[in-house]
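Enquirer: Sharing a structure with you now.
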Amino acid sequence: MVDAMEPDPLSDVLRTVRMTGALFFLWHVSWPYVSAVPSGREFAPIVLPGAQQIISYHILTQGSCWGALIGESPVRLEAGDTLLLPHGDAYVISSSKQACAASQLDMESSFHFFRQMAAGELPFVVEEGGGGATATHLICGFLGCDMRPFNPALAALPRLVHLRAPADPVRDRLQALIDYTLAEARQPRPGSRCVLVRLSELMFVEVVRRWLAEREAKTDTSCIQADWLAGLRDPLVGRALMRLHQKPAVAWTLETLASEVGVSRSRLAESFTRFVGQPPIQYLTQWRLQLAARMLAESSAKVAAVARDVGYESEASFSRAFRRLVGVSPAQWRRDATATTQRK
């Protein structure tokens with residue numbers, strides 16, 4: 001069991017990749033309707049300048065609809081379902097399956113909508129659509145996060161995640177967050193906007209946790225897809241990840257890590273690589289550089305101090321490793337991050 005005071009790897013990654021709420025609103029739309037959302041790269045400058053990735057999710061609270069990545073097969077969503085788009089792909093939500101497959105989708109109206117929403121020109125509860133008697137109600141969240149230099153959690157998620165409504169809403173944590181959100185929207189108080197944006201971040205985390213739990217429950221243990229998120233739930237790989245995230249600056253070797261988690265070097269190397277896609281020490285190098293990237297972006301500490309804090313004995317070796325992974329020097333990364341912050 002993870003100590004409540006210890007940072008687990010998933011929390012560590014989500015905190016370090018700077019996930020921030022960008023937009024959050026309720027969408028009450030009458031049938032018929034079709035709404036296309038551009039790729040995150042295209043509308044990120046509007047809603048969250050400087051974000052490397054835009055994550056979108058929609059939770060149905062009433063009615064039904066269809067959702068699809070542009071050009072791919074749509075999925076039907078019912079009340080209580082969640083649609084998550086973690087990689088910033090363009091997608092469409094519509095009242096009909098046929099409209100999802102339309103060859104001509106009006107992206108310009110979406111850009112206009114996001115400009116208005118980002119400028120605060122629209123209410124928290126947006127009402128629109130074709131004016132029919134049938135309606136769909138959704139909670140819509142858009143978050144920004146870092147993908148570079150290293151975001152193993154997001155990279156492990158599929159392009160589209162569809163979560164069915166929980167069997168027992170009363171005991172479901174995501175439903176509790178939804179209820180809180182709707183109550184806050186109905187009776188806004190001072191600070192409501194801040195509360196709602198933070199709720200959007202919590203909802204995303206809970207969606208990821210539920211997707212991981214459901215995938216594990218539906219899949220035979222021997223056939224679980226090998227990726228970073230599944231590795232968290234594997235007893236051996238999870239322990240190794242925990243040690244690396246707890247003490248990233250330690251001079252770990254495969255031998256010392258294997259001893260720490262209580263297995264042979266060969267077994268640790270095989271299991272870790274099967275799930276994470278790379279050996280433990282290579283993973284540690286990338287995670288150290290992700291930590292360093294955030295320190296460089298958010299503090300004025302000297303490059304040599306950052307290097308020491310993430311486990312490098314010399315600034316020169318740190319700078320070589322950073323440039324090799326990121327493509328720019330630590331100093332250039334800091335200048336770029338500072339320039340982005342000033343533009344916001």
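Enquirer: Contour minus end-to-end for Asp179 and Arg324, with contour as 0.36 nm per residue of separation and end-to-end as the Cα-Cα distance?
Expert: So the extension gain works out to 47.6 nm.
Enquirer: Taking 0.36 nm per residue of sequence separation and subtracting the Cα-Cα distance, how much length would be gained by fully extending the chain between Gln187 and Ala135, in nm to one decimal?
Expert: Full extension of this stretch gives 16.5 nm more.
Enquirer: Using a 10 Å cut-off around each Cβ, can you sort Thr273, Thr136 from fewest to most neighbouring Cβ atoms?
Expert: Thr273, Thr136
Enquirer: Which whole-number percent of Cα pairs in region 9-218 have a distance greater than 25 Å?
Expert: Tail of P(r) above 25 Å: 34 percent of Cα pairs.
Enquirer: Where a ≥ b ≥ c are the square roots of the eigenvalues of the C-alpha gyration tensor, would you call region 141-281 rounded, which needs a/c under 1.5, or, failing that, prolate if a/b is larger than b/c, or oblate?
Expert: prolate
Enquirer: Determine the calculated [θ] at 222 nm for the chain from helices alone, applying -39500 (n - 2.57) to every DSSP H run no shorter than 4 residues and normalising by the residue count; nearest 500 deg cm²/dmol.
Expert: It comes out at -14500 deg cm²/dmol, rounded to the nearest 500.
Enquirer: Here's a follow-up. With the Cα gyration tensor of region 41-97 giving a ≥ b ≥ c as the square roots of its eigenvalues, does the rule (a/c under 1.5 for rounded; else a/b larger than b/c for prolate; else oblate) give rounded, prolate or oblate?
Expert: Prolate, because a/c is 1.5 or more and a/b exceeds b/c.
Enquirer: Is region 234-344 best put as rounded, prolate or oblate by its Cα gyration tensor, with a ≥ b ≥ c the root eigenvalues, rounded for a/c under 1.5, and otherwise prolate when a/b is larger than b/c, oblate when not?
Expert: Note, shape of region 234-344 comes out prolate.
Enquirer: Could you line up Ile281, Ile93 from fewest to most neighbouring Cβ atoms inside 10 Å?
Expert: Ile281, Ile93
Enquirer: How big is the dipole moment of the chain about its Cα centre under a simple scheme where the beta carbon of each Lys and Arg is +1, that of each Asp and Glu is -1, and everything else is neutral? Debye, nearest 20, please.
Expert: Charge dipole of the chain: 900 debye, to the nearest 20.
Enquirer: Fewest to most neighbouring Cβ within 10 Å: what's the order for Ile70, Ile59?
Expert: In order of increasing Cβ crowding within 10 Å: Ile70, Ile59.
Enquirer: OK, next. Can you compute the FRET efficiency between Arg171 and Ala226 using 1/(1 + (r/R0)^6), with r the Cβ-Cβ distance and R0 = 30 Å? Round to the nearest 0.05.
Expert: In this case the efficiency is close to 0.45.
Enquirer: Next question, about the same structure. Sort out for me the Cα centre separation of region 9-78 from region 312-339, rounded to whole Å.
Expert: With region 9-78 and region 312-339 each reduced to a Cα centre, they are spaced 32 Å.
Enquirer: Moving on to the next point. Work out which GluC sites (Glu not before Pro) in the chain are exposed loop sites (DSSP not H, G, I, E or B, at most 12 other Cβ within 10 Å) and give the longest gap free of them.
Expert: By the stated rule (loop sites, at most 12 other Cβ atoms within 10 Å), 122-312.
Enquirer: How much net charge surrounds Val37 when only the other residues with a Cβ under 15 Å from the Cβ of Val37 are counted, with Lys and Arg +1 and Asp and Glu -1?
Expert: Net charge around Val37: -3.
Enquirer: Are there trypsin sites (Lys or Arg not before Pro) in region 138-211 that DSSP marks as loop and that have at most 12 other Cβ atoms within 10 Å, and which are they?
Expert: Counting only loop positions with at most 12 other Cβ atoms within 10 Å, the trypsin sites (Lys or Arg not before Pro) in region 138-211 are Arg164.
Enquirer: Then there is this: For Ala339 and His28 in one chain, what is 0.36 nm times their gap in residues minus the Cα-Cα distance, to one decimal in nm?
Expert: 108.2 nm
Throughout, read-outs are computed from the coordinates displayed, never taken from laboratory work. Worth saying up front: this structure is predicted, and the values here are computed from it rather than measured. Positions of Cβ are backbone-derived with ideal geometry, glycine not excepted, and every protein chain shown enters the neighbour counts.
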